[in-house]
């Protein structure tokens, strides 16, 4: 069945509240006509409408242009719920809690690494554990793990990995307050411990890139970015720890639904009131998982820096590696937003969506306060990634949120079929991209054409005004799990 | 990605679903049934029981590095399952994973009776 939609302008579409019984607000999708064609085909619009049935949802069930079919809420969905009357939903956050992206800048130019990329990629592949079942290089005791869950990247820096100033350039400073390790099951703790400091597999990666184009000189300068500069992007999350937290709380929430008399069209949306024991426990466990992910990206950052120093035989001063920013794109956060002239606290669920706060916002680090914080959008491994910046319009329309990536367009099965008889490694190498991957099937399942056109996705959020393009990054080396 | 499993009986269905999950991760032909693990799981109903059973396999894979090949369901009710799994510990030299399963989801989760037995549908998050 096709979902009725009203096109509001070239980049905004509305699913009317009247479409489905139980919808409390309309659905709003950011897309142009071409992206909308693909979106219509994969049933995710029904999921946008389902999201609108959450008790306490405010304004609209939002979807970004990279939206695709997920479990419960679509990937690319943003839902904000009222703190007093609203719910919190693990399925509205996603399995990989605080899956996110970090960007490092260096003092190197593209020419400095030319002819060295094979060594660099080999080094990264060797030093950063990746792939299924890989174990981290760090040995955490249960006591260490508890500290890490409470303090996130801060704890990792205290152990000597990375630099204290890294923490100033991360969403939440790399640590969500009020994490509750006691709300986490022993299974999650056990799954997490050996996986701290690992990349994982699937769409996760470490990528060496260079800045191919700068769109906004002022912002780029504020972010310390310039044309031709070498950057490194890290995309990973909370590994088995976060997956287990989500799994555990889906069970809890499914039981709580009857208790709180909540009825929703999809079990995967299971939720509980924010103001309930189940809701509070989930928030505590989710924050611990978010901190696990920030810690994970911090360990990996340190090893990336080590590989560059060793492989290029340069000093830390010559490399001058620094964190540009670190964003979470699967998370629920309690934030204050203005609605109809009134400030309200809401729980913003960003499931495959990135925070995009503008200039002047108190949560934007001091160094970026004049321009807004960087928004990091990873593309597929053969195309481009982007740095964007938050805008006031995002605050007004999307709870300060924007897209998170390209979004799949081919199923894994279809990708495999399309890759038959081809060498994706060679195709990438012909384009100047060196790839190393562990998983036999990862490479074909993750091939560039399995993803939407990243340029089209980014153009929509730019044209719609919910973030602005700052720079375009081009991959030259990729490691994948 | 998902699994559609069939079984003449419910225990066979649960056993086949487990094999399906392993096959998403690794080629079962590479696993030798040389040690045993005993597993016991609970669930609120048949579908949730299936979900917990499959999640238990992910846990064994990640924490114990145990790869299952034969799944002998010894006791099964709507809310409880007891099984013995034959398989082996992961050997990085011999075992090459296909992909990582993050979680088994509630999405379109279904266990239903058919004319000739049982059918289950499970979607996994990769």
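The values are calculated or read from the model by the stated rules, or taken from the named source; none is laboratory data. The model shown is predicted, which means the values in this text are computed figures rather than measured ones. All Cβ positions, glycine included, derive from the backbone under ideal geometry; neighbour counts span all protein chains shown.
Data for the structure
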| read-out | value |
| --- | --- |
| Boolean, residue A:370 is surrounded by fewer than 20 Cβ atoms within 10 Å (Cβ to Cβ), in contact with a helix residue (DSSP H, G or I) (Cβ under 8 Å, 6 or more places away or on another chain) and either within 14 Å of chain B (Cβ to nearest Cβ) or more than 30 Å from residue A:89 (Cβ to Cβ) (or both) | yes |
| Evaluation of residue A:190 against (1) over 29 Å from residue A:437 (Cβ atoms); (2) within 14 Å of another protein chain (Cβ to nearest Cβ); (3) buried (at least 17 other Cβ atoms within 10 Å of the Cβ) (one fails), failing number | (1) |
| The range B:1-39: number of residues that are touching a helix residue (DSSP H, G or I) at 6+ places or on another chain (Cβ under 7 Å), assigned to a strand (DSSP E or B) and farther than 17 Å from residue B:123 by Cα | 3 |
| Lone unmet requirement of (1) more than 13 Å from the chain's Cα centre (by Cα); (2) buried (at least 18 other Cβ atoms within 10 Å of the Cβ); (3) closer than 27 Å to residue A:193 by Cβ; (4) touching a residue at least 24 places away in the same chain (Cβ under 8 Å) for residue B:76 | (3) |
| The range A:179-229, residues that are more than 29 Å from residue A:292 (Cα to Cα) and in a loop (DSSP other than H, G, I, E, B) | A:215, A:216, A:226, A:227, A:228 |
| Residue match in the range A:415-427 (condition: away from every other protein chain (no Cβ under 14 Å), within 24 Å of the chain's Cα centre (by Cα) and either modelled with pLDDT of 95 or more or not in a loop (DSSP other than H, G, I, E, B) (or both)) | no |
| All positions within the range A:71-115 that are at positive phi and either more than 16 Å from the chain's Cα centre (by Cα) or outside any loop (DSSP other than H, G, I, E, B) (or both) | A:72, A:76, A:115 |
| Filtered residue count, the range A:270-285, keeping only those that are part of a loop (DSSP other than H, G, I, E, B), more than 14 Å from every other protein chain (Cβ to nearest Cβ) and either buried (at least 23 other Cβ atoms within 10 Å of the Cβ) or touching a helix residue (DSSP H, G or I) at 6+ places or on another chain (Cβ under 8 Å) (or both) | 2 |
| Residue check, residue B:58 under 14 Å from the mean Cα position of the chain (by Cα), in a strand (DSSP E or B) and at the interface with chain A (Cβ under 10 Å from one of its Cβ atoms) | no |
| Residue list for the range A:281-313, filter: over 23 Å from residue A:153 (Cα atoms) and without any contact (Cβ under 8 Å) to a residue 40 or more places away in the chain | A:313 |
| Residues of the range B:95-123 classified as within 14 Å of chain A (Cβ to nearest Cβ), touching a strand residue (DSSP E or B) at 6+ places or on another chain (Cβ under 9 Å), in a loop (DSSP other than H, G, I, E, B) and surrounded by fewer than 18 Cβ atoms within 10 Å (Cβ to Cβ), total | 1 |
| Test for residue B:66: is it surrounded by 13 or more Cβ atoms within 10 Å (Cβ to Cβ), within 13 Å of chain A (Cβ to nearest Cβ), closer than 24 Å to residue A:133 by Cβ and more than 14 Å from the chain's Cα centre (by Cα) | no |
| Odd one out for residue A:54 among (1) touching a helix residue (DSSP H, G or I) at 6+ places or on another chain (Cβ under 6 Å); (2) assigned to a loop (DSSP other than H, G, I, E, B); (3) surrounded by 21 or more Cβ atoms within 10 Å (Cβ to Cβ) | (1) |
| Enumeration of residues in the range A:428-446 that are modelled with pLDDT of 90 or more, in a loop (DSSP other than H, G, I, E, B) and within 14 Å of chain B (Cβ to nearest Cβ) | A:446 |
| Looking only at the range A:454-463, and only at residues there that are in contact with a helix residue (DSSP H, G or I) (Cβ under 8 Å, 6 or more places away or on another chain) and buried (at least 19 other Cβ atoms within 10 Å of the Cβ), the one that is nearest to residue A:392 (Cα to Cα) | A:460 |
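Each row is one residue, and each column tells you yes or no for (1) crowded, with 20+ Cβ neighbours inside 10 Å; (2) within 27 Å of residue B:126 (Cα to Cα).
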site	(1), (2)
A:11	yes, no
A:18	no, no
A:84	no, no
A:91	yes, yes
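Residue-by-condition table, conditions (1) away from every other protein chain (no Cβ under 14 Å); (2) more than 16 Å from residue A:196 (Cα to Cα); (3) in contact with a strand residue (DSSP E or B) (Cβ under 8 Å, 6 or more places away or on another chain); (4) in contact (Cβ under 8 Å) with a residue 24 or more places away in the chain:
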| position | (1), (2), (3), (4) |
| --- | --- |
| A:100 | yes, no, yes, yes |
| A:106 | yes, yes, yes, yes |
| A:112 | yes, yes, yes, yes |
| A:124 | yes, yes, yes, yes |
| A:129 | no, no, no, yes |
| A:134 | no, no, no, yes |
